[in-house]
Amino acid sequence: MRTITIDCSDVCGEAEFWDRYLRATGAAGAAHFGRNLDAFWDALHGGPGWPGECELRFANTSAMSRAGAVQFVESLRTLASRSAPVTVTVT
């Protein structure tokens, strides 16, 4: 199984986060991906934005928290803890 690591150390906001996710994964149906956490949940279960069978690692998310995206990062962590089809790690 492939591992995809997305470095979030210099991500300035959610739009850039989703851009990096889509670029790094080459996600299926990217044009129809909603670029929000609900759409990400759907993607992890085979919907638009599906990254394929892989392990996703979002690294350095503490930088996003310092930049004001605390709620987003916490929600991402919660979602990651509940994902079964794709393993998601948020560090």
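Bear in mind that the values in this text are calculations on the coordinates, not laboratory data. This is a predicted model, so every value here is computed, not measured. Cβ placement follows ideal geometry from the backbone for every residue including glycine, while neighbour counts extend to all protein chains displayed.
Some values worked out for this structure:
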| item | result |
| --- | --- |
| Calculated [θ] (222 nm, deg cm²/dmol) that DSSP helices of n ≥ 4 give over the chain, each run adding -39,500 (n - 2.57) | -12000 deg cm²/dmol |
| Electrostatic dipole magnitude of the chain [Cβ: Lys, Arg +1; Asp, Glu -1; Cα centre; debye, to 20] | 120 debye |
| Farthest toward positive dipole pole in the chain [+1 Lys/Arg, -1 Asp/Glu at C-beta], among 9, 28, 89 | 89 |
